[in-house]
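Q: One structure coming up, written as structure tokens, with questions to follow.
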Amino acid sequence: MKLDLELYRSRPITDLSGTRQSKGSIYDIPINRHNPLHKERDVDLRKLGIAGANYQFKILPTIAGAIENLFVRKTVASILLDIDRELREVGLMLYVSDAYRPIQVQRIIYWRNFWKIKKGKTKLSDEDIRKEMSGWITKVPPKKRLFLSPPPHSTGGAVDLDIRQVDGEKLEFGKGKGLMYPDYFEHESKQRSLSAREEEARKNRRLLYWLMTEHGFVCNPTEWWHYSIFDQMYADQMGLPAALYGYLGR
């Protein structure tokens, strides 16, 4: 049975305010290294027919260590293929812009943004800057804690993605730092009337959110494009005692 797009596009995204408040504690969740999924290997989504291009490699090639590949764990790839097949039946497709991210790339991204903010907001203390960044960029932990609290994109369980027409044209999702929350337009619509473009973005975020979550993923409450499964963020949102995916360490 084909996807009922309007059913998904008309269903409001869950209020994620509470999830945002607890996000900072996800790295305290243990990782179950005895589960078979913990050692699951990875595959390149591009070789499986999933459309995409690694943002860090394509747009920011000066980052040392950036890779062209879109590596994810095998189970993640299998689920994404199922979602992509459903979308293609109605003329749409998934488009992945980031998957596995080497630690050195994560570290460079973090510190580039740190110094950019520090230069523009000189009155902020270093601690204030770190707090401001905590919702959208993960700091690489010291080496001794890397296997205990890896950044989501280093687990092979996280992807950044959107939905596009099969000809590659991107759907409207909304742009801007202040619009990053998945449920931004849900809250905003209670305060004012949305423009036609904003309403379209709200509907497309809903489509992506419900497709991904109904297939088992959880959404990063501060980034509408970031979804993951079996990592610490997943364990936190699902109320599980432990995560299954740890540091992939390719």
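The values are calculated or read from the model by the stated rules, or taken from the named source; none is laboratory data. Every value quoted in this text rests on a predicted model; they were computed, and no experiment measured them. Cβ coordinates were reconstructed from backbone atoms using ideal geometry, including for glycine residues, and neighbour counts include every protein chain displayed.
Q: Out of all the residues in region 151-172, which are at pLDDT 95 or above, crowded, with 17+ Cβ neighbours inside 10 Å and in a loop (DSSP other than H, G, I, E, B)?
A: Listed by number, the residues that qualify are Thr155, Gly156, Gly157, Leu171.
Q: Looking for whichever is under 20 Å from the mean Cα position of the chain (by Cα) and not β-branched (Val, Ile, Thr) here; the options are Lys177, Lys144, Lys123. Which one fits?
A: Lys177
Q: Same structure, new question: Being buried (at least 17 other Cβ atoms within 10 Å of the Cβ) and under 17 Å from the mean Cα position of the chain (by Cα) is true for just one of Met238, Met233. Which residue is that?
A: Of the residues listed, the single one that is buried (at least 17 other Cβ atoms within 10 Å of the Cβ) and under 17 Å from the mean Cα position of the chain (by Cα) is Met233.
Q: Next up: Six or more apart or on different chains, Cβ under 7 Å: which pairs go from a residue in region 86-104 that's free of Cβ contacts under 8 Å to residues at least 12 places away in the same chain to one that's hydrophobic (A, V, I, L, M, F, W, C) and outside any loop (DSSP other than H, G, I, E, B)? Could you list them?
A: Matching pairs, first to second residue: none at all.
Q: Only one of (1) modelled with pLDDT of 90 or more; (2) under 19 Å from the mean Cα position of the chain (by Cα) is not met by Ile26, so which one is it?
A: Every condition holds for Ile26 apart from (1).
Q: Could you tell me which numbered condition Glu198 fails, if it satisfies all but one of (1) over 21 Å from Leu87 (Cβ atoms); (2) in contact with a Gly (Cβ under 9 Å, 6 or more places away or on another chain); (3) in a loop (DSSP other than H, G, I, E, B)?
A: Tallying (1) over 21 Å from Leu87 (Cβ atoms); (2) in contact with a Gly (Cβ under 9 Å, 6 or more places away or on another chain); (3) in a loop (DSSP other than H, G, I, E, B), Glu198 fails exactly one: (3).
Q: If you scan region 29-68, which residues turn out to be among the aliphatic types (A, V, I, L, M), surrounded by fewer than 16 Cβ atoms within 10 Å (Cβ to Cβ) and free of Cβ contacts under 8 Å to residues at least 40 places away in the same chain?
A: Once the filter is applied, which keeps residues that are among the aliphatic types (A, V, I, L, M), surrounded by fewer than 16 Cβ atoms within 10 Å (Cβ to Cβ) and free of Cβ contacts under 8 Å to residues at least 40 places away in the same chain, region 29-68 yields Leu48, Ile59, Leu60.
Q: Output the qualifying pairs, or none if there are none: Cβ atoms under 9 angstrom, residues six or more apart or on different chains, first residue in region 106-117 and farther than 12 Å from Glu132 by Cβ, second residue exposed (fewer than 13 other Cβ atoms within 10 Å of the Cβ).
A: These pairs meet every condition: Ile108/Ala64.
Q: Would you mind telling me which numbered condition in (1) in a helix (DSSP H, G or I); (2) crowded, with 20+ Cβ neighbours inside 10 Å Arg101 fails?
A: The single condition Arg101 does not satisfy is (1).
Yes/no per residue for (1) under 13 Å from the mean Cα position of the chain (by Cα); (2) in a helix (DSSP H, G or I); (3) among the aromatic types (Phe, Trp, Tyr):
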site: Pro182; (1), (2), (3): yes, no, no
site: Lys190; (1), (2), (3): no, no, no
site: Leu207; (1), (2), (3): no, yes, no
site: Thr222; (1), (2), (3): yes, no, no
site: Tyr247; (1), (2), (3): no, no, yes
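Q: Do we find that Met212 is closer than 20 Å to Ser17 by Cα and surrounded by 19 or more Cβ atoms within 10 Å (Cβ to Cβ) in this structure?
A: yes
Q: Given the structure, is Lys116 part of a loop (DSSP other than H, G, I, E, B) and more than 30 Å from Arg9 (Cβ to Cβ)?
A: Spelling it out, it is not the case that Lys116 is part of a loop (DSSP other than H, G, I, E, B) and more than 30 Å from Arg9 (Cβ to Cβ).
Q: Which residues, taken from region 88-130, are out of contact with any Lys or Arg (no Cβ under 9 Å at 6 or more places or on another chain) and modelled with pLDDT of 95 or more?
A: Correct list: Arg88, Gly91, Asp98, Ala99.
Q: Right, Gly65: more than 20 Å from Leu240 (Cα to Cα) and touching a Ser or Thr at 6+ places or on another chain (Cβ under 8 Å) or not?
A: no
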